[in-house]
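Undergrad: Have a look at the structure that comes next, please.
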Amino acid sequence: MRPRIEDREILSIALNVLENSPIGEIDFDPDEVVAGFFVEYQEHFDDEDFSLRYLTSNKSECYFAAAKIALAHLKEIPDYYTRLKKMEREAAQ
């Protein structure tokens, strides 16, 4: 289930991640960060079969972790989530 959170809140969390983790400075497309946040949240905290939610019940910590995972992917591949979406569309055909 997609969490109820505004894009600006996600970007604020992302900035907090960058300030408080060893990811370092990166340039990022805000749309990629928002897309990545939702992908990673769903994959790691909302999936019944494989969930990291057992690590914490604190929603803020889940949001921070989802943003951190997304930013780590974007540091390596700046359009990671655009590519992922394209690949998933192609696989569905």
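Undergrad: Inside the range 10-37, can you point out the residues that are more than 17 Å from Y81 (Cβ to Cβ) and free of Cβ contacts under 8 Å to residues at least 12 places away in the same chain?
TA: Listed by number, the residues that qualify are S12, L15, E19, N20, P22, E25.
Undergrad: While we're here: If I go through the range 13-40 residue by residue, how many of them are polar (S, T, N, Q) and either surrounded by 14 or more Cβ atoms within 10 Å (Cβ to Cβ) or under 19 Å from I77 (Cβ atoms) (or both)?
TA: Residues that pass the stated criteria total 2.
Undergrad: Residues in the range 63-93 that are assigned to a helix (DSSP H, G or I) and over 10 Å from the mean Cα position of the chain (by Cα): how many?
TA: Looking only at that region, the number is 14.
Undergrad: Follow-up. Look at the range 44-87 and say how many of its residues are modelled with pLDDT of 95 or more and more than 27 Å from E25 (Cβ to Cβ).
TA: 2
The values are calculated or read from the model by the stated rules, or taken from the named source; none is laboratory data. Please read these numbers as outputs of a predicted model, since none were measured by experiment. Note that we place each Cβ from the backbone using ideal geometry, even for glycine, and neighbour counts take in every protein chain shown.
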